[in-house]
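Participant: I am attaching a structure below and will ask some questions about it afterwards.
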Amino acid sequence: MKIIIAPDKFRGSLTGIEFCWLVKEAIWQILPDAEIVEAPVADGGDGTLAALEAQVPHGKKTVEVNDPLFRKIEASYLYNDEYKIAFVEMAEASGLRLLKEEEQNCYNTTTYGTGELIKDAMDQGAEKIILGVGGRATNDCGMGMAAALGYQFFDAAGKEVKPIGKNLSLVKEIRTAEVDERICEVDILVACDVISPLYGEDGAAMVYGPQKGASEEEIQELDKG
(Lines give C-alpha, C1' and ligand atoms only; values in the text may rest on other atoms or scores of the structure.)
Protein backbone atom coordinates (compact mmCIF):
# COMPACT_ATOMS: atom_id res chain seq x y z
CA MET A 1 0.00 0.00 0.00
CA LYS A 2 1.22 3.51 -0.84
CA ILE A 3 0.09 6.42 1.32
CA ILE A 4 0.74 10.06 0.48
CA ILE A 5 0.84 12.53 3.37
CA ALA A 6 0.29 16.06 2.02
CA PRO A 7 -0.58 18.50 4.84
CA ASP A 8 -0.37 22.25 5.14
CA LYS A 9 1.03 23.62 8.41
CA PHE A 10 -1.03 23.65 11.60
CA ARG A 11 -0.43 27.26 12.58
CA GLY A 12 0.70 27.65 16.14
CA SER A 13 1.56 24.00 16.64
CA LEU A 14 3.11 21.98 13.79
CA THR A 15 4.83 22.60 10.48
CA GLY A 16 3.74 20.48 7.53
CA ILE A 17 6.98 18.51 7.74
CA GLU A 18 6.55 17.84 11.48
CA PHE A 19 3.01 16.62 10.79
CA CYS A 20 4.38 14.23 8.15
CA TRP A 21 6.88 12.80 10.64
CA LEU A 22 4.23 12.15 13.29
CA VAL A 23 1.66 10.64 10.93
CA LYS A 24 4.26 8.47 9.21
CA GLU A 25 5.31 6.91 12.51
CA ALA A 26 1.67 6.34 13.49
CA ILE A 27 0.86 4.67 10.16
CA TRP A 28 3.88 2.39 10.39
CA GLN A 29 2.74 1.17 13.80
CA ILE A 30 -0.42 -0.17 12.12
CA LEU A 31 0.84 -0.83 8.57
CA PRO A 32 4.56 -1.52 8.90
CA ASP A 33 4.94 -2.42 5.22
CA ALA A 34 3.24 0.70 3.84
CA GLU A 35 5.15 2.86 1.38
CA ILE A 36 4.82 6.44 2.57
CA VAL A 37 5.41 9.53 0.48
CA GLU A 38 5.83 12.80 2.39
CA ALA A 39 4.68 15.82 0.37
CA PRO A 40 4.02 18.84 2.61
CA VAL A 41 2.14 21.63 0.84
CA ALA A 42 1.70 25.34 1.56
CA ASP A 43 -0.51 28.29 0.69
CA GLY A 44 2.02 31.10 0.48
CA GLY A 45 2.12 31.61 4.24
CA ASP A 46 4.18 30.09 7.04
CA GLY A 47 5.80 26.86 5.94
CA THR A 48 5.91 27.62 2.22
CA LEU A 49 9.69 27.83 2.26
CA ALA A 50 10.01 24.55 4.16
CA ALA A 51 7.60 22.78 1.81
CA LEU A 52 9.53 23.95 -1.25
CA GLU A 53 12.87 23.05 0.30
CA ALA A 54 11.65 19.54 1.03
CA GLN A 55 10.57 18.90 -2.58
CA VAL A 56 12.91 20.90 -4.83
CA PRO A 57 16.68 21.41 -4.51
CA HIS A 58 17.50 25.04 -3.82
CA GLY A 59 20.24 26.81 -1.93
CA LYS A 60 19.08 28.43 1.31
CA LYS A 61 20.33 31.95 1.88
CA THR A 62 20.23 33.43 5.38
CA VAL A 63 20.68 37.15 5.96
CA GLU A 64 20.25 39.69 8.75
CA VAL A 65 17.11 41.77 8.30
CA ASN A 66 14.59 43.77 10.32
CA ASP A 67 11.63 42.02 11.90
CA PRO A 68 8.14 43.66 11.90
CA LEU A 69 9.22 45.94 14.78
CA PHE A 70 12.62 46.85 13.28
CA ARG A 71 14.62 44.45 15.44
CA LYS A 72 17.52 42.60 13.86
CA ILE A 73 16.89 38.91 13.12
CA GLU A 74 18.14 36.28 10.70
CA ALA A 75 15.74 35.24 7.94
CA SER A 76 16.09 32.89 5.00
CA TYR A 77 14.93 32.49 1.42
CA LEU A 78 15.62 29.91 -1.29
CA TYR A 79 17.62 30.63 -4.43
CA ASN A 80 18.24 28.50 -7.51
CA ASP A 81 21.29 29.86 -9.29
CA GLU A 82 20.73 27.78 -12.44
CA TYR A 83 17.32 29.31 -13.13
CA LYS A 84 18.00 32.63 -11.35
CA ILE A 85 14.83 32.24 -9.30
CA ALA A 86 14.28 33.07 -5.62
CA PHE A 87 11.48 31.98 -3.29
CA VAL A 88 10.79 34.56 -0.57
CA GLU A 89 8.32 33.92 2.24
CA MET A 90 7.06 37.11 3.89
CA ALA A 91 6.48 35.27 7.17
CA GLU A 92 10.26 34.78 7.46
CA ALA A 93 10.96 38.48 8.01
CA SER A 94 7.53 40.03 8.48
CA GLY A 95 5.55 37.19 10.06
CA LEU A 96 3.10 37.20 12.93
CA ARG A 97 4.98 34.26 14.46
CA LEU A 98 8.00 36.53 15.05
CA LEU A 99 6.11 38.58 17.63
CA LYS A 100 4.88 37.89 21.12
CA GLU A 101 1.11 38.01 21.45
CA GLU A 102 1.22 41.40 23.19
CA GLU A 103 3.37 42.80 20.35
CA GLN A 104 0.99 41.79 17.57
CA ASN A 105 -0.61 44.88 16.07
CA CYS A 106 -0.41 45.62 12.35
CA TYR A 107 -0.94 49.31 13.12
CA ASN A 108 2.71 49.44 14.27
CA THR A 109 4.49 46.90 12.05
CA THR A 110 6.44 46.97 8.80
CA THR A 111 7.32 44.78 5.81
CA TYR A 112 10.79 46.36 5.65
CA GLY A 113 12.56 43.06 6.34
CA THR A 114 10.87 41.38 3.38
CA GLY A 115 12.19 44.17 1.17
CA GLU A 116 15.67 43.43 2.50
CA LEU A 117 15.24 39.77 1.50
CA ILE A 118 14.18 40.82 -2.00
CA LYS A 119 17.18 43.12 -2.27
CA ASP A 120 19.54 40.32 -1.21
CA ALA A 121 17.96 37.99 -3.77
CA MET A 122 18.64 40.57 -6.47
CA ASP A 123 22.23 40.81 -5.22
CA GLN A 124 22.51 37.06 -5.78
CA GLY A 125 21.37 37.56 -9.38
CA ALA A 126 17.68 36.65 -9.16
CA GLU A 127 15.70 37.40 -12.31
CA LYS A 128 12.43 36.03 -10.95
CA ILE A 129 11.12 36.19 -7.39
CA ILE A 130 8.14 34.20 -6.12
CA LEU A 131 6.79 35.94 -3.04
CA GLY A 132 4.60 34.04 -0.56
CA VAL A 133 2.51 36.67 1.19
CA GLY A 134 0.67 34.77 3.94
CA GLY A 135 1.28 34.79 7.68
CA ARG A 136 2.17 38.48 7.86
CA ALA A 137 2.09 40.65 10.97
CA THR A 138 1.64 43.70 8.77
CA ASN A 139 -0.84 45.97 7.00
CA ASP A 140 1.49 48.67 5.65
CA CYS A 141 0.47 48.30 1.98
CA GLY A 142 4.03 47.21 1.18
CA MET A 143 5.45 50.58 2.24
CA GLY A 144 8.15 48.90 4.30
CA MET A 145 9.24 46.66 1.43
CA ALA A 146 9.34 49.67 -0.87
CA ALA A 147 11.39 51.66 1.65
CA ALA A 148 13.98 48.89 1.83
CA LEU A 149 14.29 49.14 -1.95
CA GLY A 150 14.86 52.90 -1.93
CA TYR A 151 11.39 54.47 -2.08
CA GLN A 152 10.95 57.41 0.30
CA PHE A 153 7.66 58.55 1.83
CA PHE A 154 6.98 62.07 3.06
CA ASP A 155 4.14 63.82 4.90
CA ALA A 156 2.59 67.20 4.15
CA ALA A 157 5.37 68.99 6.03
CA GLY A 158 8.05 67.28 3.93
CA LYS A 159 9.17 65.02 6.78
CA GLU A 160 10.03 61.43 5.92
CA VAL A 161 7.62 59.02 7.62
CA LYS A 162 8.44 55.70 9.18
CA PRO A 163 7.12 52.89 6.92
CA ILE A 164 4.54 51.33 9.22
CA GLY A 165 0.80 50.84 8.92
CA LYS A 166 -0.39 53.79 10.98
CA ASN A 167 1.60 56.24 8.83
CA LEU A 168 -0.03 55.27 5.52
CA SER A 169 -2.60 58.06 5.79
CA LEU A 170 0.18 60.62 6.38
CA VAL A 171 1.90 60.02 3.04
CA LYS A 172 1.60 62.97 0.67
CA GLU A 173 4.67 62.41 -1.52
CA ILE A 174 6.66 59.39 -2.73
CA ARG A 175 10.19 60.03 -3.97
CA THR A 176 11.90 57.55 -6.29
CA ALA A 177 15.37 59.04 -6.84
CA GLU A 178 17.03 56.41 -4.63
CA VAL A 179 15.06 53.39 -5.85
CA ASP A 180 17.04 50.24 -6.73
CA GLU A 181 16.40 50.15 -10.48
CA ARG A 182 16.75 46.36 -10.58
CA ILE A 183 13.29 46.04 -9.03
CA CYS A 184 11.83 47.18 -12.37
CA GLU A 185 13.65 44.38 -14.20
CA VAL A 186 12.89 41.45 -11.91
CA ASP A 187 9.78 39.35 -12.58
CA ILE A 188 7.83 39.13 -9.31
CA LEU A 189 5.02 36.62 -8.82
CA VAL A 190 2.80 36.53 -5.72
CA ALA A 191 1.77 33.22 -4.15
CA CYS A 192 -1.42 33.37 -2.10
CA ASP A 193 -4.73 31.55 -1.74
CA VAL A 194 -7.15 34.45 -1.31
CA ILE A 195 -8.62 37.11 -3.59
CA SER A 196 -9.68 40.34 -1.92
CA PRO A 197 -9.60 44.07 -2.73
CA LEU A 198 -7.02 46.32 -1.14
CA TYR A 199 -9.45 48.43 0.88
CA GLY A 200 -13.10 48.69 1.79
CA GLU A 201 -15.45 46.31 3.55
CA ASP A 202 -13.71 43.21 2.12
CA GLY A 203 -10.25 44.79 2.06
CA ALA A 204 -6.97 44.06 3.80
CA ALA A 205 -7.53 46.11 6.94
CA MET A 206 -11.16 45.14 7.56
CA VAL A 207 -10.69 41.40 6.99
CA TYR A 208 -7.18 40.80 8.31
CA GLY A 209 -6.62 43.68 10.74
CA PRO A 210 -8.43 41.95 13.63
CA GLN A 211 -6.31 38.81 13.13
CA LYS A 212 -3.17 40.94 13.37
CA GLY A 213 -4.05 42.74 16.60
CA ALA A 214 -5.49 46.07 15.43
CA SER A 215 -8.36 47.72 17.30
CA GLU A 216 -11.54 48.83 15.52
CA GLU A 217 -10.35 52.45 15.52
CA GLU A 218 -6.94 51.42 14.16
CA ILE A 219 -8.55 49.26 11.48
CA GLN A 220 -10.54 52.27 10.24
CA GLU A 221 -7.34 54.32 10.06
CA LEU A 222 -5.48 51.55 8.24
CA ASP A 223 -8.30 51.24 5.72
CA LYS A 224 -8.24 55.00 5.16
CA GLY A 225 -4.47 54.81 4.61
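Participant: Taking R0 as 41 Å, what FRET efficiency do you get between residue 31 and residue 97 from their Cβ-Cβ distance, rounded to the nearest 0.05?
Facilitator: Efficiency, rounded to the nearest 0.05: 0.75.
Participant: Same structure, new question: Could you tell me which residue out of 222, 16, 32 lies farthest along the dipole of the chain toward its positive end? Charges go on the beta carbon: Lys and Arg +1, Asp and Glu -1, centred on the Cα centre.
Facilitator: It is 222.
Participant: So if we plug the beta-carbon distance of residue 24 and residue 74 into 1/(1 + (r/R0)^6) with R0 = 41 Å, what FRET efficiency do we get, rounded to 0.05?
Facilitator: 0.85
Participant: Starting from the alpha-carbon convex hull of the chain, give the projected area averaged over all orientations, in nm².
Facilitator: Computing the convex hull of the Cα atoms and averaging its projections yields 14.3 nm².
Participant: How would 87, 10, 19 line up by accessible area, probe 1.4 Å, largest first?
Facilitator: Per-residue accessible area, sorted high to low, gives 10, 19, 87.
Participant: Shape of segment 83-189 from its Cα gyration tensor (a ≥ b ≥ c, root eigenvalues): rounded if a/c is under 1.5, otherwise prolate when a/b > b/c, or oblate?
Facilitator: Oblate.
Participant: Hey, another quick one. Of the beta bridges DSSP finds with both residues in segment 84-225, what % are antiparallel, to the nearest 5?
Facilitator: Counting only bridges with both partners in segment 84-225, antiparallel ones make up about 35 percent.
Participant: May I pose another question? What number, rounded to the nearest 500 deg cm²/dmol, is the helix-based mean residue ellipticity at 222 nm of the chain, given -39500 (n - 2.57) per DSSP H run of at least four residues and division by all its residues?
Facilitator: For the chain, the value works out to -7500 deg cm²/dmol.
Participant: With θ set to phi - 60°, apply the Karplus curve 6.51 cos²θ - 1.76 cosθ + 1.60 along segment 69-84 and write out the HN-Hα couplings as whole Hz, x wherever there is a Gly or Pro.
Facilitator: With coefficients 6.51, -1.76 and 1.60, one gets 10, 6, 9, 6, 9, 9, 9, 10, 8, 9, 9, 10, 5, 4, 9, 6 Hz.
Participant: Give me the one-decimal nm value for the distance between modelled label points at residue 189 and residue 174, 7 Å along each residue's Cα-to-Cβ direction.
Facilitator: 2.4 nm
Participant: Can you name the helices of the chain, as whole DSSP H runs, whose Cα span along the helix axis is 18 Å or more and whose Kyte-Doolittle mean is not below 0.5?
Facilitator: Helix filter hits for the chain: 16-30.
Participant: While we're looking at this one, here's another question. Over all alpha-carbon pairs in segment 168-225, figure out the percentage whose distance exceeds 15 Å.
Facilitator: Here the long-distance tail beyond 15 Å is 64 percent of all Cα pairs in segment 168-225.
Participant: Cα atoms only: what Rg and Dmax, in Å, come out for segment 63-137?
Facilitator: Every Cα atom of segment 63-137 included, Rg and Dmax give 12.5, 43 Å.
Participant: Roughly what would the spin-label model give for residue 211 and residue 62, points 7 Å off Cα along C-beta, in nm?
Facilitator: The two pseudo-label positions are separated by 2.9 nm.
Participant: Can you tally the net charge around residue 225? Count Lys and Arg as +1, Asp and Glu as -1, for every other residue whose Cβ sits under 10 Å from the Cβ of residue 225.
Facilitator: It works out to a net charge of -1.
Participant: Collect residues whose amide H, placed 1.01 Å from N in the peptide plane, falls under 5 Å from the amide H of residue 199; neighbours closer than 5 in sequence don't count.
Facilitator: The answer is 204.
Participant: Taking amide H atoms as placed 1.01 Å from N in the peptide plane, list the residues 5 or more away in sequence, or in a different chain, whose amide H sits under 5 Å from that of residue 132.
Facilitator: Residues meeting the criterion, in which the H sits 1.01 Å from N, are 88, 89, 90, 191.
Participant: Kindly state, to the nearest 0.05, the FRET efficiency for residue 181 paired with residue 157, given R0 = 22 Å and r defined as their beta-carbon distance.
Facilitator: The calculated FRET efficiency here is 0.15.
Participant: Can you tell me which of 154-166, 201-213 comes out highest on packing, and rank the rest after it, using the mean Cβ neighbours within 10 Å?
Facilitator: Peptide ranking by packing, descending: 201-213, 154-166.
The values are calculated or read from the model by the stated rules, or taken from the named source; none is laboratory data. Keep in mind it's a predicted model, so treat the numbers as computed, not measured. Every residue, glycine as well, gets a Cβ built from its backbone with ideal geometry; the counts of neighbours run over all protein chains shown. Just so you know, the surface numbers come from the protein's heavy atoms only, side chains and all, with ligands and any DNA or RNA stripped out. Shrake-Rupley method; radii C 1.70, N 1.55, O 1.52, S 1.80 Å.
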